[in-house]
Amino acid sequence: MKIKYVISPLLLAGILMGCTQTSEESSTEETNQTTQENNQQDSGDQEATQSSQAQEGVVFKELNAPWNIVRKGEVFYITEREGTIVKGEKDDYERMRLQLKEDVLAEGEGGLLGMVLDPDFKDNQTAYVYHTYAKQGQATNRVIAIKEEGDQWTEERVLLDDIPGATIHNGGRLEWGPEGALYITAGDAANPELAQDIDSLAGKILRITSEGKPFEGNQKGYVYSLGHRNPQGLVFVDDQLYASEHGQSGHDEINRIEQKNYGWPTIEGKEQADGLVTPWYEVGEQSVAPSGVATAENTLYFATLVGQRLQTIDLETKQVKTIVENQGRIRDVWIDETSIYYITNNTDGRGNPSADDDRLVRINR
């Protein structure tokens, strides 16, 4: 294998905020697979499913707390939380520096998180990333445009700044919408009341133009939907947006996103209240901490951190199946016509890394 390192030392050591349970770690020692009661999958069926999805091989290894998978042609781009992007193909990849005007703050769940390529990336070599930085001593998040230049990326402009941050609940996923808008997940920054404050960017799914302006038709300003705790996955199925979200103590959610209020912290799980949306799917009492999501053939694929599985949910029946387990924490998933790719997340301070963790792994569909 050929790997080229052009990384500077770690910017900051990861620091975890003390709390009873965060969105990415469980208060129990055992992980679990949870589904709706009427969608439970027999454990024997799960083992058969797992064995039928034989691991085809490691594409990248020795990744450093990877967060997001992007692919253009045969080339992958993987963000790492300390502030680097790994680029390349199997057995030939490099770790690229970012030249930014604000240093990446990789504390707790913060750092370099979501990434999308510009629709005209082939011509302009531009991508967009979401990252945490320190502003007047406070963790803050922003979305910026960066340009690939040789073996590094250089900041071009800021699209959106002053998204509240913390050592937990930063959100961080980016996704293009069919109308050309850029969607952004923002966590509640460990301040639940901000999720219901329409004037705050925290606890929201935001929608902006590629120039960083509020997209026409938003609820208010940049806000597309509100009442979110820590949404981490975004994907469109045709014109319908889906988002994964971490609950407080279990009750993790997958939501069909519209311009509505999804309830946090007023309601959680199956609770109901006037004007607030109850989840399309929620896992039950024990957390799985869903993160990245992808879709194919009327099925949603979602990576889980606490659950330590890659799972699927049928968009019609809501039946849940496990297709990967025993690989530790899984952060993101990417799908093409023949393969499923996922990244482990065992080096983020909450996992038990093996010698070659973290890895980008390919399996057959």
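The values are calculated or read from the model by the stated rules, or taken from the named source; none is laboratory data. Small disclaimer: the values here were computed from a predicted structure and weren't measured. Here the Cβ positions follow ideal geometry from the backbone for every residue, glycine too, while neighbour counts run over all protein chains shown. In case anyone asks, the SASA skips ligands and DNA or RNA and just uses the protein heavy atoms, side chains included. Shrake-Rupley method; radii C 1.70, N 1.55, O 1.52, S 1.80 Å.
For residue 284, nonlocal amide neighbours, meaning residues 5 or more places apart or on other chains whose placed amide H falls under 5 Å from its own, are 251, 252. Phi angles across the stretch 160-168 convert, under the Karplus curve 6.51 cos²θ - 1.76 cosθ + 1.60 with θ = phi - 60°, into 3J(HN,Hα) values of 8, 10, 6, 7, x, x, 6, 6, 9 Hz, Gly and Pro given as x.
Rounded to the nearest whole Hz, the Karplus-based 3J(HN,Hα) values (6.51 cos²θ - 1.76 cosθ + 1.60, θ = phi - 60°) of the stretch 152-158 follow the sequence 8, 10, 10, 5, 9, 6, 9, with x at glycine and proline. Considering only the Cα atoms of the stretch 197-237, their convex hull presents on average a projected area of 3.4 nm². Spin-label pair residue 278-residue 297: with each label point 7 Å from Cα along the Cα-Cβ axis, the two points sit 3.2 nm from one another.
The length gained on full extension between residue 147 and residue 259, counted as 0.36 nm times the residue separation minus their Cα-Cα distance, comes to 37.1 nm. Averaging the Cα positions of each part gives two centres, and for the stretch 294-351 and the stretch 190-223 these lie 28 Å apart. FRET efficiency for the pair residue 91 and residue 338, taken as 1/(1 + (r/R0)^6) with r the Cβ-Cβ distance and R0 = 25 Å, rounds to 0.85.
Want the number for residue 103 to residue 356: 0.36 nm per residue separation, take away the alpha-carbon distance, what's left?
Taking residue 103 through residue 356 to full extension adds about 88.3 nm, to one decimal.
The smallest convex shape that holds all Cα atoms of the stretch 62-118, its convex hull, gives 82 Å³ per residue.
If you plug the beta carbon distance of residue 365 and residue 136 into 1/(1 + (r/R0)^6) with R0 = 51 Å, you get a FRET efficiency near 0.60. Taking amide H positions as modeled 1.01 Å from N, with prolines and chain starts lacking one, the residues under 5 Å from residue 235 and 5 or more places away or on another chain are 242. For the stretch 75-89, the Karplus equation 6.51 cos²θ - 1.76 cosθ + 1.60, evaluated at θ = phi - 60°, returns couplings of 9, 9, 10, 10, 7, 10, 4, 5, x, 10, 10, 8, 10, x, 10 Hz by residue, with Gly and Pro reported as x.
Each label point was placed 7 Å from the Cα along the Cα-to-Cβ direction; for residue 319 and residue 270 their separation is 2.1 nm.
Alpha carbon centre of the stretch 123-155 versus the stretch 68-89: separation in Å? Computed from Cα coordinates, the inter-centre distance equals 14 Å. In the context of the full set of protein chains, residues of the stretch 104-170 present 33 Å² of accessible surface per residue (probe radius 1.4 Å, heavy atoms only).
Summarised as an ellipsoid, the stretch 201-356 has semi-axes of 26, 18, 16 Å, derived from the eigenvalues of the Cα gyration tensor scaled by 5 and square-rooted, with the largest first. Could you state, as a whole-number percent, how many of the C-alpha pairs of the stretch 80-151 are farther apart than 15 Å? For the stretch 80-151, the fraction of Cα-Cα distances above 15 Å is 56 percent. Here, the stretch 126-213 is characterised by an Rg to Rh ratio of 0.99, where Rg is the alpha-carbon radius of gyration and Rh the Kirkwood radius. Taken over the Cα atoms of the stretch 49-190, the convex hull encloses 145 Å³ per residue. The alpha carbons of the stretch 287-349 stretch over 36, 26, 17 Å along the principal axes, in descending order. Potential lengthening of the chain between residue 213 and residue 74 amounts to 46.8 nm, from the contour at 0.36 nm per residue minus the alpha-carbon distance. Summarising the amide proton neighbourhood of residue 60: residues at separation of 5 or more, or on other chains, whose placed amide H is nearer than 5 Å comprise 360.
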